[in-house]
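Everything below concerns the one structure shown next.
The values are calculated or read from the model by the stated rules, or taken from the named source; none is laboratory data. Everything quoted here is computed from the prediction, not taken from an experiment. Heads up, the Cβs are rebuilt from the backbone with ideal geometry, glycines too, and the neighbour counts pull from every protein chain shown. The accessibility values were calculated without ligands, DNA or RNA, using every heavy atom of the protein model including side chains. Shrake-Rupley method; radii C 1.70, N 1.55, O 1.52, S 1.80 Å.
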Amino acid sequence: MTARPEVLEQGAPAVAPSSERAGRRRWELTAVGVVLAAVFLLPFVVMVLGSLKSRAEILRIPPTYLPQTWHPDNYATMWDTPETPLPFNLTSTIIIAVCATALVLVVAIPAGYYTARHRFPGRGVFLGVVLVTQMLQPTVLVTGLIREFFVLGINDTWLAMILVNAAFNLSFAVWILHSFFAAIPVEIEEAAMLDGLGRWQTLTRVSLPLVWPGIVTATIFVVVACWNEFAASLVVLTTPENQPLSVALTKFVGQYDTAWQYVFAISAVGIIPVVLLFAVIEKRLVAGLTAGSVK
């Protein structure tokens, strides 16, 4: 009985260094994370501060980081610039991104499910061709696309850009969803069918909840790609009201003069919807990951 306290006292110092190392490592990782976050956030901070300055102050040498005279009115006056109808451009960006993403998901979900569950002839070739299309860019095919759009009568319309964005982002979504569907054990679906569910019910009630992280990943990727698309929109959409924000932003950059305060302000406004989308969808992404691991 008298030896037990001595054993505890001798064992206590062995635990302390381990806990100290763990605490030090945690602080080191936190410091590295803060530094990396600061590096990635610094350009956005400069952009927001620049949007609150006057053009003369932005071009001043040496530059000032904080505005000496704050100009929040830049966010109001930029909508009234005669060169660019920004309200229409923002509406065009939202409609094109939302519709193209919806079209991609409608096609990619059944395509990913079918290729993951059926060993049809030419399956490998089909997946390879889908992957090859990801290597192409709209600018490479812009001549052929414009000729097709003229024949179909949809040139310089939102529908044309919806089809372009959907086509060039579909392959990534199919591959992502194919991988997630293939990771689901077939026995789960077979058990659901034995309980009386049909193929469509099995897909919607059993498989889709398990691949929700993949759907979220594909959604974020496609939305961001459609939101930032520039090259095809510059050529296909010639009417200023139909052009997205990415094209409208270039109207403020001239050969001899650039309205930097509006460039910064429009850029800040342009990233807000994407940030809000990720903030809303991030919780569902975590929930989907948890649900998949539990089931």
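The label point for residue 142 and the one for residue 269, both projected 7 Å from the Cα toward the Cβ, are 2.5 nm apart.
Restricting to DSSP H runs of at least four residues, report the calculated mean residue ellipticity at 222 nm for the chain, -39500 (n - 2.57) per run over all residues, nearest 500 deg cm²/dmol.
Calculated mean residue ellipticity at 222 nm is -24000 deg cm²/dmol.
Taking all Cα pairs closer than 8 Å and separated by 6 or more residues, the relative contact order of the chain comes to 28 percent.
Ordered from longest to shortest, the equivalent ellipsoid semi-axes for segment 169-285 are 43, 15, 10 Å, each the square root of 5 times a Cα gyration tensor eigenvalue. Shown is the FRET efficiency for residue 28 and residue 60, computed with R0 = 51 Å from the Cβ-Cβ distance and rounded to the nearest 0.05: 0.80.
In a Gaussian network model over the chain where Cα atoms closer than 10 Å are linked, find which of 166, 37, 116 has the largest mean-square fluctuation. Top of the fluctuation ranking is 37. Does segment 60-148 come out rounded, prolate or oblate, given a ≥ b ≥ c as the square roots of the eigenvalues of its C-alpha gyration tensor, rounded meaning a/c under 1.5 and, failing that, prolate meaning a/b above b/c? Because a/c hits 1.5 or more and a/b exceeds b/c, segment 60-148 counts as prolate. Among 31, 279, 108, the largest mean-square fluctuation in a Gaussian network model of the chain, built with springs joining Cα atoms closer than 10 Å, belongs to 31. Could you work out how far the C-alpha centroid of segment 252-273 sits from that of segment 25-65, in angstrom? For segment 252-273 versus segment 25-65, the Cα centre distance is 17 Å. For segment 118-228, what % of the accessible area comes from carbon and sulfur atoms, probe 1.4 Å? With neighbouring chains kept in place, the figure for segment 118-228 is 69 percent. The stretch between residue 40 and residue 123 holds 25.8 nm of extra length on full extension. This uses 0.36 nm per residue minus the Cα-Cα distance. Running a GNM on the chain with Cα contacts under 10 Å, which residue among 79, 227, 158 ends up with the highest mean-square fluctuation? Among 79, 227, 158, the largest GNM mean-square fluctuation belongs to 79. Taking every protein chain into account, the accessible area of the chain amounts to 60 square angstrom per residue (probe 1.4 Å). Is the C-alpha gyration tensor of the chain telling us rounded, prolate or oblate? Criteria: a/c under 1.5 is rounded; beyond that, a/b larger than b/c is prolate, otherwise oblate. Note, shape of the chain comes out oblate.
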